[in-house]
């Protein structure tokens, strides 16, 4: 399952980031806390394949499908 598949109010643990991400995007996600073992909760899903809004710790992020699809959940 990827972060794109998570349902609203569901909590999941990040397993890994895809090697298909550019190094810049991968590094930025790492800086934002998208690290293996980190819990993430889905706060909102936008209609019409819009961004998914997730919370990690005290931070809230909005990710588009092309990035969220590359974050594997445990």
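Bear in mind these aren't lab numbers, they're just calculated from the coordinates by the rules spelled out. Only a predicted model underlies this, so the values are computations on that prediction, with no experimental measurement involved. As a convention, Cβ positions derive from the backbone with ideal geometry for all residues, glycine included, and neighbour counts pool all protein chains shown.
Checking the condition without any contact (Cβ under 8 Å) to a residue 60 or more places away in the chain and in a helix (DSSP H, G or I), which residue from 60, 25 passes? If you could, list the steps in order and put the result at the bottom.
Numbers: 60 fails: in a helix (DSSP H, G or I).
On inspection, the qualifying residue turns out to be 25.
Residue check, residue 66 against (1) within 11 Å of the chain's Cα centre (by Cα); (2) without any contact (Cβ under 8 Å) to a residue 40 or more places away in the chain; (3) assigned to a strand (DSSP E or B), all met but one. Which one?
The single condition residue 66 does not satisfy is (3).
Quick check on residue 19: is it exposed (fewer than 13 other Cβ atoms within 10 Å of the Cβ) and in contact with a helix residue (DSSP H, G or I) (Cβ under 9 Å, 6 or more places away or on another chain)?
Values: exposed (fewer than 13 other Cβ atoms within 10 Å of the Cβ): yes; in contact with a helix residue (DSSP H, G or I) (Cβ under 9 Å, 6 or more places away or on another chain): yes.
Criteria met by residue 19.
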